[in-house]
Amino acid sequence: MDFLQLAASRQSDRAYDKARVVEPEKLERILEAARLAPSACNAQPWKFVVVTDPELSVKVGKAAAGLGMNKFAKDAPVHILIVEESMNVTSFLGAKIKDKYFPLIDIGIAASHIVLAAESEGLGSCILGWFDEKDIKKLTGIPANKRLLLDIAVGYPLKEKRKKLRKPKEKVISYNNY
C-alpha cells in the first residue's frame with residue numbers, strides 16, 4: 001500500500017471482533033516496526049508489554065474503561081502497553097538543555113509506527129491514554145515505579161472505514177513563516 005493511502009486509511013477503531021485472533025506473525029511485524037522507531041539520541045526509552053492472553057486482555061480492557069470511556073477496549077484481543085524507560089545520558093542532557101522531554105516524543109513516534117503497521121496488516125487499532133494505570137500495572141507485573149503511558153488496542157475491526165475529518169491544509173501548513 002502506498003504510504004499516503006496507509007495514512008489516510010488508518011483510523012481509531014473502537015469495535016473489534018472478539019472471536020478473531022491476531023496472527024502471531026502479524027503481531028511480530030507490528031512490534032518490529034515499533035522497535036525500529038527513531039528516538040532522540042537513539043535512547044529507545046520504551047518497553048512494549050504485549051497482552052495476548054484472552055482473559056488478561058479482557059481485564060486490561062476493563063481497566064481502560066473508566067467514566068464511560070473506552071468500553072470497547074475489553075473486546076480488543078491484543079493490548080500493546082508502552083512503558084516509559086530511562087533515557088540515555090545524551091538524551092537526558094539534550095532534554096535539560098532544550099527543555100523538551102524527549103521520551104514522550106519518542107514514545108509518540110513508536111505509537112505511530114505501531115498503529116500504521118497494524119493498518120498495513122489489515123488490523124484496527126486505537127491509542128488509549130485514559131486508563132487505570134495502577135490496575136493495569138498490577139495485572140501485568142509492570143513495576144510500580146515505571147510509567148505506563150499508552151495502551152494500544154489492536155484487533156480485527158468490526159466497522160467500516162469512516163470519512164476522515166481533518167482541518168484543511170491551509171490551516172495547518174505554512175511555508176517559510178508562521
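The values are calculated or read from the model by the stated rules, or taken from the named source; none is laboratory data. The structure displayed is predicted, hence computed values, not measured ones. Cβ atoms come from the backbone with ideal geometry, glycine included; neighbour counts cover every protein chain shown. Each accessible area value is taken on the protein alone, full model and side chains, heavy atoms only, with ligands, DNA and RNA left out. Shrake-Rupley method; radii C 1.70, N 1.55, O 1.52, S 1.80 Å.
Assorted remarks:
- Long-range neighbours under 9 Å by Cβ, at least six apart or interchain, first residue under 13 Å from SER39 (Cα atoms) within region 89-102, second open to solvent by 100 Å² or more (accessible area, probe 1.4 Å) and of a type outside the set (Gly, Ala, Ser): THR90/ASN42; SER91/ASN42; GLY94/LYS100; ALA95/TYR101
- Residue check for LYS59: out of contact with any His (no Cβ under 8 Å at 6 or more places or on another chain), crowded, with 16+ Cβ neighbours inside 10 Å, free of Cβ contacts under 8 Å to residues at least 40 places away in the same chain and within 22 Å of LYS138 (Cβ to Cβ): no
- Helices (runs of 4 or more DSSP H) within region 17-107 that include 2 or more residues modelled with pLDDT under 95: 89-98
- Hits in region 134-165 - residues which are assigned to a loop (DSSP other than H, G, I, E, B) and at pLDDT 95 or above: GLY141, ILE142, PRO143, ALA144, ASN145, LYS146, TYR156, LEU158
- Apart from one condition, LEU6 fits all of (1) part of a helix (DSSP H, G or I); (2) within 21 Å of SER57 (Cα to Cα); (3) open to solvent by less than 40 Å² (accessible area, probe 1.4 Å); the exception is (2).
- Residue pairs whose Cβ atoms lie under 6 Å apart, sitting 6 or more positions apart in sequence or on different chains, and linking a residue in region 1-20 that is under 13 Å from GLY122 (Cβ atoms) to a partner that is open to solvent by 50 Å² or more (accessible area, probe 1.4 Å) and part of a loop (DSSP other than H, G, I, E, B), are ASP17/LEU158.
- Restricting attention to region 141-157, the residues that are out of contact with any Lys or Arg (no Cβ under 9 Å at 6 or more places or on another chain) and either more than 21 Å from HIS113 (Cα to Cα) or surrounded by fewer than 16 Cβ atoms within 10 Å (Cβ to Cβ) (or both) total 3.
- Residue match in region 74-81 (condition: open to solvent by 30 Å² or more (accessible area, probe 1.4 Å), without any contact (Cβ under 8 Å) to a residue 60 or more places away in the chain and within 19 Å of LEU149 (Cα to Cα)): yes
- Qualifying residue in region 37-55 (condition: closer than 28 Å to LEU165 by Cβ, touching a residue at least 12 places away in the same chain (Cβ under 8 Å) and of a type outside the set (D, E, K, R)): yes
- Tally of residues being more than 17 Å from ARG35 (Cβ to Cβ), touching a Leu at 6+ places or on another chain (Cβ under 9 Å), open to solvent by 10 Å² or more (accessible area, probe 1.4 Å) and not in a helix (DSSP H, G or I) across region 111-133: 4
- Selection count, region 16-28, where residues are open to solvent by 20 Å² or more (accessible area, probe 1.4 Å) and closer than 29 Å to MET69 by Cα: 9
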